[in-house]
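What follows draws every value from the coordinates through simple rules; no lab data is involved. As the structure is a prediction and not an experimental result, all values here were calculated from the model. We place every Cβ from the backbone using ideal geometry, glycine too, and count neighbours over all the protein chains shown.
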Amino acid sequence: MFAEILADPAVLLPFVLIGFAAQLIDGALGMAFGQISSTMLIVMGVPPAAASAGVHTVETFTTGVSGISHIAHRNVDWRLFWRIVIPGVIGGILGAYVLTHIHPEVAKPLVLAYLTVLGLYLFYRGIMHRHTERQPKVVEPLGLAGGFLDAAGGGGWGAIVTTNLLVQGSNPRKTIGTVNTAEFFVTITISATFLATLTFFGNGEARGLLAKATVGLLIGGVIAAPLGAMIAKRVNPDRLLAFVGALVTMTSAWGLYRVLN
């Protein structure tokens, strides 16, 4: 199966490019790989649960490489790491279980609307240089919510956790590095839960598409993973905050538009 997929590079190339771009953004800004990849797979006909499972399989590798890179560049706050990774793992298990049994469509518009407003606020603070660093107070609930929504919605760990920590005044570089590193453990848990509970991956055509997409995303994502940590380390904190705000606003607003229409 793997040899057959690699035998046709033209089919893989679009997925490789998407994986590269999505992971480059995710590594530098702390979010977006899951949202971009899952949305693309669903649009192309892969069932939501199977798409989320495929994306999280890829993220097991990309987040591992990204986490190592962030640790090497000293972008990780280890105290914050332990405060988000444990509830994140618990939330991921719950979200993966829920997605394999029901469709969480009711909560999506509310979450996307919330993230759109949050993104606008972060963008405003970034361009106005109003980011005052301080220790975040609400952390564990963010890990729980981020892990749950990441599994249930096919992405969202960074959008929920990174964005809310930045709103509370956390250092942008350390926040992005810490959240990316914790995501590796959350992703492994989500992938294992999907493997244990998911029995439906669609018809033969959908399974073939999912396999090709997974391999392509994996190749592109692994290549881009080390580069994101370098970008996060070198970009000005205010500019980084503005970039995060713009990305959250655009992706969340687009997702909200699609849900409502």
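Just subtract the alpha-carbon distance of Trp78 and Leu13 from 0.36 nm times their residue separation and send over the number in nm, one decimal. Intermediate results must be reported in sequence, preceding the final value.
Working: separation 65, 0.36 × 65 = 23.40 nm, distance 3.70 nm.
Computed gain between Trp78 and Leu13 is 19.7 nm.
Using a cut-off of 12 Å between beta-carbons, work out the net charge of the residues near His56 (Lys and Arg +1, Asp and Glu -1, His56 not included).
Working: positive: none; negative: Glu59, Asp150, Glu183.
Its environment carries a net charge of -3.
Could you rank the peptides 53-61, 79-87 by their average count of other C-beta atoms within 10 Å per residue, with the highest value first? Don't skip to the end; give the middle numbers.
Working: 53-61: 24.9, 79-87: 19.1.
Packing order, densest peptide first, comes out as 53-61, 79-87.
Show me 139-145, 220-226, 68-74 ranked by packing, highest mean number of other Cβ atoms within 10 Å first. Can you show the working numbers first?
Values: 139-145: 19.4, 220-226: 22.6, 68-74: 17.7.
Most protected by this proxy first, the peptides run 220-226, 139-145, 68-74.
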